[in-house]
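Below: the structure, in structure tokens.
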Amino acid sequence: MILTDVRALRFERFGFNLPALRRMRRPVCRAYLDWSEWRYHLGGGLGAVAVEQLYARGWAKREADTRVVRFSNSGMAQFRDTFQLRD
């Protein structure tokens, strides 16, 4: 998976330290297939830091005893605005 310059800039504005992620042994950005949903998800260092940021900002939280992550309505709106995503 390739992280474009535009997306990299958005992640950096969000507070990610991309140079530090690039120095890690784990891939920076990787798509992985979630076999339970047959959908691709963001993995690698970027995915790990992203989910930490979502939790820290209160935009999303993990359901107890599951892998499910739920966004609050305001959290989803802020996420879409930050990364300029459309409905």
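The values are calculated or read from the model by the stated rules, or taken from the named source; none is laboratory data. These numbers were taken from a predicted model, which means no experiment stands behind them. Ideal geometry is used to build each Cβ from the backbone, glycine not excepted, and the neighbour counts take in all protein chains shown.
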Cβ-Cβ below 9 Å, separation at least six or inter-chain, first residue in region 63-87 and in a loop (DSSP other than H, G, I, E, B), second small (Gly, Ala, Ser) and surrounded by 10 or more Cβ atoms within 10 Å (Cβ to Cβ): which pairs? Ser72/Gly58; Ser72/Ala60
Could you say whether any residue in region 39-61 is in a loop (DSSP other than H, G, I, E, B) and of a type in the set (Asp, Glu)? no
Qualifying positions in region 19-44 - touching a residue at least 12 places away in the same chain (Cβ under 8 Å), out of contact with any strand residue (DSSP E or B) (no Cβ under 9 Å at 6 or more places or on another chain) and within 20 Å of Val6 (Cβ to Cβ): Leu21, Val28
Got at least one residue in region 36-49 being surrounded by fewer than 11 Cβ atoms within 10 Å (Cβ to Cβ), modelled with pLDDT of 80 or more and basic (Lys, Arg)? yes
Counting only residues in region 7-23 that are in a helix (DSSP H, G or I), under 13 Å from the mean Cα position of the chain (by Cα) and not hydrophobic (A, V, I, L, M, F, W, C), the one surrounded by the fewest Cβ atoms within 10 Å (Cβ to Cβ) is identified as Glu12
Restricting the search to region 2-16, which residues are within 22 Å of Tyr32 (Cβ to Cβ) and of a type outside the set (A, V, I, L, M, F, W, C)? Thr4, Arg7, Arg10
